[in-house]
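Okay, so here's the structure we're looking at.
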Amino acid sequence: MYAIVEIAGQQFKVKKDQKIFVHRLQEEVDSKVSFDKVLLLDDGKVVIGAPVIKGVAVSAKILSHLKGDKVIVFKKKRRKGYRVKNGHRQYLTEIKIESIVVSGAKSSKKEILEPVAKKEVPKETAKLEQEVVKKTITKADDLKKVEGIGPKIAEIFNDAGIVTFADLAATEVVKLKEILVAAGSRYASKIPDSWPKQAKMAATGKWDELKKWQDEIKGGIEK
């Protein structure tokens, strides 16, 4: 049995006794936690949530709190004498999956797919499952490559579920501002007007265009 579950803004494919690292959780070490945002469940039959599955939860135990490997971020602007070097270590929590609790599993739209055996899964169902699994293993993008976003703001966005350039590009400026305001006065003054535009260039691989554009701005604000 395995499940695809959302934990602290990230999606993971998990099974019993598996150990994973997630964004820092507030609970203490050795405490029990439960996550009910289950997107897909396979216990002999495939159940896909719309968007989540009711009656299913993943329980886990917190093993430790730690920091990830240090990441060096270096920014330079040609012909402007602008050089900034920063380091960042992501706060993480190691957890162990103890069980996948199933209590009358149903998707929110009551769309339950019940293939007889894995070899007999309809093509449409198999394709949808593959797309969901593929999404869960997609690595988070380095949002700090967007001019104006530093390590802490990137972490704030990750906690809010914005983990890729595509996520950021699809988020309205008003929503980004709300997230910053909710994070405290230190971030409320930030101006995210250009961030979705930059993220769209990054998401589509237009790095040269993004670099040229960033050379003409400061702090993510267009001149």
Original post:
Does Ile100 fit the bill of being β-branched (Val, Ile, Thr), part of a strand (DSSP E or B), touching a strand residue (DSSP E or B) at 6+ places or on another chain (Cβ under 8 Å) and modelled with pLDDT of 60 or more?
Top reply: yes
Original post:
With Leu128, Leu168, Leu176 as the choices, which residue is part of a helix (DSSP H, G or I), aliphatic (A, V, I, L, M) and modelled with pLDDT under 90?
Top reply: Leu128
**OP:** Consider Ser64 carefully, then state whether it is more than 19 Å from the chain's Cα centre (by Cα), under 26 Å from Asp141 (Cα atoms), modelled with pLDDT of 90 or more and not aliphatic (A, V, I, L, M).
**Re:** yes
Original post:
Can Thr138 be described as in a helix (DSSP H, G or I) and modelled with pLDDT under 60?
Top reply: no
Original post:
Taking region 1-54 as the region of interest, how many residues are under 21 Å from Ala140 (Cβ atoms) and either out of contact with any strand residue (DSSP E or B) (no Cβ under 7 Å at 6 or more places or on another chain) or charged (D, E, K, R) (or both)?
Top reply: 6
Subject >> Criterion (more than 22 Å from Ala160 (Cα to Cα) and in a strand (DSSP E or B)) met by exactly one of Ser34, Ser64 >> reply: Ser64
Original post:
Here is a list of conditions, (1) in a helix (DSSP H, G or I); (2) at pLDDT 90 or above, and Ile191 meets all of them except one; can you say which number that is?
Top reply: (1)
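The values are calculated or read from the model by the stated rules, or taken from the named source; none is laboratory data. The model shown is predicted, which means the values in this text are computed figures rather than measured ones. Please note: Cβ atoms are built from the backbone with ideal geometry, for glycine as well, and neighbour counts cover all protein chains shown.
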